[in-house]
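Below you'll find the structure, written out as structure tokens, and then a few comments.
The values are calculated or read from the model by the stated rules, or taken from the named source; none is laboratory data. The shown structure was predicted, so the numbers you read here are calculated from the model rather than taken from an experiment. Because the Cβ atoms are built from the backbone with ideal geometry, glycine has one as well, and the counts that use them run over all protein chains shown. Only protein heavy atoms, including side chains, enter the accessible area calculation; ligands, DNA and RNA are left aside. Shrake-Rupley method; radii C 1.70, N 1.55, O 1.52, S 1.80 Å.
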Amino acid sequence: MANRYLLGFDVGSSSVKASLVNAETGVCAAAAFFPEKEAPIMAVKAGWAEQDPQMWWDNAKLSLKKIMAETGTTGEEIIAVGISYQMHGLVCVDKNLKALRPAIIWCDSRAVPYGEKAFNDLGANQCLTHLLNSPGNFTAAKLAWVKENEPETYSKIFKIMLPGDYIAMRLSGSANTTVSGLSEGMFWDFKNNQVADFLMKYYGFDSSLIADIVPTFGVQGEVSAEAAAELGLKAGTPISYRGGDQPNNALSLNVLNPGEIAATAGTSGVVYGVLGEVNYDKKSRVNTFAHVNHSIDQTRLGVLLCINGTGILNAWVHRNITPEISYAEMNDLAATAPIGSEGVTIIPFGNGAERVLGNREIGCSINGVNFNKHSKAHLVRAAQEGIVFSFCYGMEIMQQMGMGIQKIHAGKANMFLSPLFRNTLAGVCGATIELYDTDGSVGAAKGAGIGAGVYKNSNEAFATLEKLQVIEPDIAKKAEYEAAYATWKATLEKNMK
């Protein structure tokens, strides 16, 4: 009997990864990514960031070709396709479904003034109660920039789409999008459960620019004969899932229910929690989007907290304070200092403006050092504690929105490799941490299995998700952790005055 595989693509700004997951066992049979060196980002002017969508397609083909060759898989054996993608980008296509210009990607900041003006003109209450966010620097504001600065290009636009929509279009030959995708672009009105007509009208966008809406899970289209010939797939294979990278990361970790959290702590850190009711932060310090399993009948919102100064601080400490030892040895050294680092606190915001602080740039600061008693160990521990405390500071905003934080799911990577980091996070927030072995392309493949009906639900899809470790809060040290956090928070508030 031939194997049956689920194919997942993860379209990032650095590379495009593809994974083949055995539909029966849930095991990833092969994975590959291209380019093997970081993909180029075009920056014609300061603050700009663009990529050619054709590059994503070419890298998706190369990744797929490699894993099919590696496993000897045929197109007949691939039964569904899922897509994860970099969020907030803008792709504009003409009537022939050809890209009219390079994609304006997530880290491009040229549209900030367009989002801020809309927020001020329309009013905070209108934007937050309907969009759950400020229009900010999201896809709608990027389109407003194109409309004003490239009117000739704008006049030729047939449909706008997100990066994942573009890859789905290349696979199927038809343009469509999802409510989750529209919400991340600021095109979805949560109050009226429809496209945000008031924002479309404000910017002067025609409603025809929005592609047809399809379910996040379900047959969104089928691989066309042309794409099948190009990729070696079978024509008619269903495209049955797509999600932005952070919602998809949460899906990959089986985070779908209120109170569950998906966290990452690489160069920057992300805490993505699921909220079971429509709400927003009045100061817009976190972003709120439709989660992959959101529907009119079941509210599931993803609340996204981003901290810029996480792993980059840890790397700075390693490079400048303990360059002679490994990261693992640095973690051991930090553990020799007591909880709270005997009064040393590090505010970790040295990687630019932080949204959680109201877009203020307060920098990184080291506080409370006593030359007579503090050592490298105290500084290393204080850095890791500072990163944890910045997470907890943002998670308090989530709790104020009505989210009860019970469990944190994360991949066992980056900062989560540090026992001190994990134990401090569990100790301060009181949540159980579960560490898993998974990634975005595998999550997209399993999402495709759910959407195509291969799995009856997410529990079945993720039954084989490998749980590597569970960290429970140390109740005996609860008071010590809370006291250390209180000291850090007081230092932060002092620095912000």
Checklist outcome for this item: Of every hundred units of 1.4 Å-probe accessible area on segment 300-416, the number belonging to carbon and sulfur atoms, as a percent, is 49 percent
Item to check | Separation in nanometres of the label points that stand 7 Å from Cα toward Cβ, at Met55 and Asn120 | outcome: 3.4 nm
Item to check | DSSP-defined beta bridges in the chain - what % are antiparallel, rounded to 5 | outcome: 70 percent
Checklist outcome for this item: To the nearest 10 degrees, the tilt of helix 376-400 (Cα long axis) against the first principal axis of the alpha carbons of the chain is 60 degrees
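What ranking do 374-382, 321-329 get when scored by the average of other Cβ atoms within 10 Å per residue, highest first?
374-382, 321-329
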Checklist entry - Using the alpha-carbon atoms, what tilt in degrees (0 to 90, nearest 10) does helix 53-71 show relative to the longest principal axis of the chain? => result 90 degrees
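Heavy atoms only, probe 1.4 Å: what % of the accessible area of segment 112-198 goes to carbon and sulfur, would you let me know? Write down the numbers at each step before the final one.
Working: 1390 of 2930 Å².
The nonpolar share, carbon plus sulfur, comes to 48 percent.
Under a 1.4 Å probe, what is the accessible area of segment 209-327 per residue, stated in Å²? Can you show the working numbers first?
Working: 4240 Å² over 119 residues.
In whole numbers, segment 209-327 has 36 Å² accessible per residue.
In debye to the nearest 20, how big a dipole does the chain give about its Cα centre with +1 on each Lys and Arg Cβ and -1 on each Asp and Glu Cβ?
660 debye
Net charge near Asn3, counting Lys/Arg +1 and Asp/Glu -1 over other residues with Cβ under 9 Å of its Cβ?
Values: positive: Arg4; negative: Glu24, Glu77.
Here the charged neighbours net out to -1.
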Checklist outcome for this item: Of the candidate values (1) 0.97; (2) 1.24; (3) 1.01, the one computed for Rg/Rh (Cα atoms, Kirkwood Rh) from this structure is (1)
Next on the checklist: Need one value: the accessible area of Asp10 in square angstrom, 1.4 angstrom probe, rounded to the nearest 10.
Outcome noted: 40 Å²
Checklist entry - Per-residue accessible area for Cys107 at 1.4 Å probe radius, Å² rounded to 10? => result 60 Å²
Checklist entry - Between Gln469 and Glu36, what FRET efficiency follows from the Cβ-Cβ distance if R0 is 25 Å, with the result rounded to 0.05? => result 0.25
Next on the checklist: So for each of 143-155, 170-182 I average, over its residues, the number of other beta carbons within 10 Å; can you give me the resulting order with the highest mean first?
Outcome noted: 170-182, 143-155
Item to check | Per residue, in Å², the accessible surface of segment 368-431 once ligands and nucleic acids are set aside, probe 1.4 Å | outcome: 34 Å²
Item to check | With Cα atoms, 0 to 90° folded angle of helix 163-172 axis to the chain main axis | outcome: 30 degrees
Checklist outcome for this item: Protection proxy (average C-beta count within 10 Å per residue), highest first, orders 15-25, 400-410, 437-447 as 437-447, 15-25, 400-410
Checklist entry - If you take the alpha carbon radius of gyration of segment 222-372 and divide it by 2.2 N^0.38 Å, what ratio comes out, to two decimals? => result 1.45
